[in-house]
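The values are calculated or read from the model by the stated rules, or taken from the named source; none is laboratory data. As the structure is a computational prediction, the values presented were derived from the model and not from experiment. Heads up, the Cβs are rebuilt from the backbone with ideal geometry, glycines too, and the neighbour counts pull from every protein chain shown.
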Amino acid sequence: MADESTNQVPLQDLIGRVAIGDRAAFDALYARTSGKLFAVILRIVGNRAASEEVLQESYLKIWRNAGKFRRMGASPMSWLIAIARNGAIDWLRRNPDVIVVDDGLDKSIDDAPTPEQMATLSSDVARLYECLDELEPQRAQLIKRAYFTGCTYTELANATKTPVGTVKSWIRRSLLKLRDCIEAMPAARRAKGDAGE
């Protein structure tokens with residue numbers, strides 16, 4: 001369990017302590033970052049139970065690879081988010097026939113990007129995720145599967161038991177909505193995102 005001695009320690013120092021097997025530092029790192037990483041995973045996977053599984057796998061990777069952090073040259077949150085995101089994409093690749101929209105998600109979980117995530121992710125990615133949230137959940141999943149994991153139209157058609165032409169049409173319309181959403185964002189809001197505020 002994290003204590004007061006680890007609550008104020010910078011994330012990069014916690015990761016350094018995790019690298020030498022410090023369990024208290026690992027507990028503190030988990031307590032301070034797991035909500036943000038869960039939000040990243042949930043956005044990609046779209047299923048709460050699977051996202052929890054991916055989160056645990058991500059922290060196992062963090063535990064095992066903490067010693068490599070400084071060599072990567074990334075900020076602590078960028079490094080942690082990259083591990084979580086890669087884990088989520090790997091899960092989708094291992095489960096190609098699963099397109100799940102979990103309507104039973106805990107609505108109390110705020111999976112919108114936090115200011116810290118907005119600062120570490122590029123403004124383009126942040127805007128894309130914001131606009132993905134405005135699509136129907138299944139359409140957003142199709143876009144993620146097609147463009148984040150490289151699924152083909154045929155694979156998506158088989159997974160959804162939908163004709164290929166319909167899948168192509170859904171994706172084309174969804175891409176147009178994404179483009180319109182990104183282009184419609186007020187200039188002031190874009191500037192704020194670009195500044196990482």
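Across the stretch 47-57, not a single residue is classified as closer than 20 Å to ARG70 by Cβ, of a type outside the set (Lys, Arg), crowded, with 22+ Cβ neighbours inside 10 Å and not assigned by TED's automatic domain parsing to the domain that holds PRO137. Could you tell me whether ILE143 is at pLDDT 80 or above, assigned to a helix (DSSP H, G or I) and within 13 Å of the chain's Cα centre (by Cα)? No, not satisfied. The helices (runs of 4 or more DSSP H) found entirely in the stretch 1-112 that carry 2 or more residues being at pLDDT below 85 are 4-7, 69-72, 76-94. Of all residues in the stretch 136-183, those that are surrounded by 15 or more Cβ atoms within 10 Å (Cβ to Cβ) and touching a Cys at 6+ places or on another chain (Cβ under 6 Å) total 3. For the stretch 46-76, filtered to residues that are in contact with a Leu (Cβ under 7 Å, 6 or more places away or on another chain) and of a type in the set (A, V, I, L, M), the residue that is nearest to GLN141 (Cα to Cα) is LEU55.
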